[in-house]
Amino acid sequence: MDETIPVLTIDGPSGSGKGTISRIVASRLGWHYLDSGALYRVVGHAAARDAADTSDPVAMAALAERTGIRFQTSGDAEPRVLVDGVDATDAIRTETAGAAASVIAAMPAVRQVLLDRQRAFRRPPGLVADGRDMGTVVFPDASCKAFLTASAEQRAQRRYKQLKEKGLSVSMDGLLREILARDARDAERAVAPLKPASDAVLIDTTDVPVERVVERVLALLPESLRL
Ligand code: DC
C-alpha cells in the first residue's frame, strides 16, 4: 500500500449521508471513491444468488474471495456495480442484501479477505473511502477522517426516499426497525465495530443541507490537497 497517496475517510451509520457526501467530495477532488459497504452487500447478494449458507464463515470468506466485483463510476452519480460481470446495482441496495451484508460483515474471515480488496482502491491522486471502519481499521493512517451521524428517524426517512426513487416498495416503520437493528449489530460486533476513530471529526448531518456537509468535509483537508 502506497502511504504517500492521500486518503479521506468518511465513516458513519446507514443513512448518515456518507454515500452522497463521499461521491460529491470525490468528484470535486477528482479522487477515486470506495463504497466499502457495497463490497459487503455484493457478498450478501452473491450468497443469495448461489443459495449459500450466510451463517457459514468459511463459505462466506471463500465467496468474498472469488466473487468478481467491478465499479463503473461516472461523476458523482452512484457507480454501477458489476458482480461476476452482471449488473447488480439495484439488487445490492435492497434491504435484504443490506441485512445479509451486516450479518456477513461480523465475520472476521470475510473482513480479512475484503481488507486487501479495499486497500487496492488507494491509487493516485487520492481516495475518498466510505464505510464503517475506514478510519479505524482499513486506512488508519488516512490524512483526514470524518464520522457522520444523524438521528435514526432522519436516516430512515432518507433511506425511504432513496428506495422509493428506485421504485422499491418499503414501509417507514420497517425501515426504522431495520436501521436500529443494523446499528446495534454493526456497533456491537467484536471485529471492527462501527465507532469513530479517535482522530475523526464528528459531523451531525440531521437537518443540514448536503452542500454544507460537503463544505465541512472538504475543509478538513489541508489546502494543498483541495486544489
Ligand atoms: O453502508 P452500507 O449500508 O451499504 O453497508 C452495508 C453493511 O456492510 C452494513 O450493515 C455494515 C457492513 N459494512 C461494514 O461492516 N464495514 C464497512 N466498512 C462497510 C459496511
Checklist entry - For the chain, what Kirkwood radius comes out of the mean inverse Cα-Cα distance, in Å? => result 17.6 Å
Checklist outcome for this item: Assertion target for R155, R189, R117, ordered by fewest C-beta neighbours within 10 angstrom first, is R117, R189, R155
Next on the checklist: Give me the Å³ per residue figure for the convex hull around the C-alpha atoms of region 1-135.
Outcome noted: 100 Å³
Checklist outcome for this item: Each label sits 7 Å from Cα toward the beta-carbon; between A62 and R212 the label points are separated, in nm, by 5.2 nm
Checklist entry - What's the local net charge at T4, with K and R +1, D and E -1, over the other residues with C-beta under 11 Å away? => result -2
Checklist entry - Shape call for region 105-227 from the C-alpha gyration tensor, a ≥ b ≥ c root eigenvalues: rounded (a/c under 1.5), prolate (a/b greater than b/c) or oblate? => result oblate
Checklist outcome for this item: Per the charge dipole of the chain (beta-carbon charges, Lys/Arg positive, Asp/Glu negative, Cα centre), the residue among L168, V138, S102 reaching farthest to the positive end is L168
Checklist entry - Applying 1/(1 + (r/R0)^6) with R0 = 25 Å to the Cβ-Cβ distance of R117 and D53, what FRET efficiency is obtained, to the nearest 0.05? => result 0.70
Checklist outcome for this item: The exposure ranking of T96, T149, fewest beta-carbon neighbours within 10 Å first, is T96, T149
Next on the checklist: If packing is taken as the average count of other Cβ atoms within 10 Å, what order do 168-175, 10-17 fall into, highest mean first?
Outcome noted: 10-17, 168-175
Checklist entry - 222 nm [θ] for the chain, helices only, -39500 (n - 2.57) per DSSP H run of 4+, per residue, to 500? => result -13500 deg cm²/dmol
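Just so you know, all these numbers are worked out from the coordinates, no wet-lab data involved. Note that the structure is predicted; figures quoted are calculated from it, not measured. Here the Cβ is made from the backbone with ideal geometry for all residues, glycine too, and neighbour counts use every protein chain on show.
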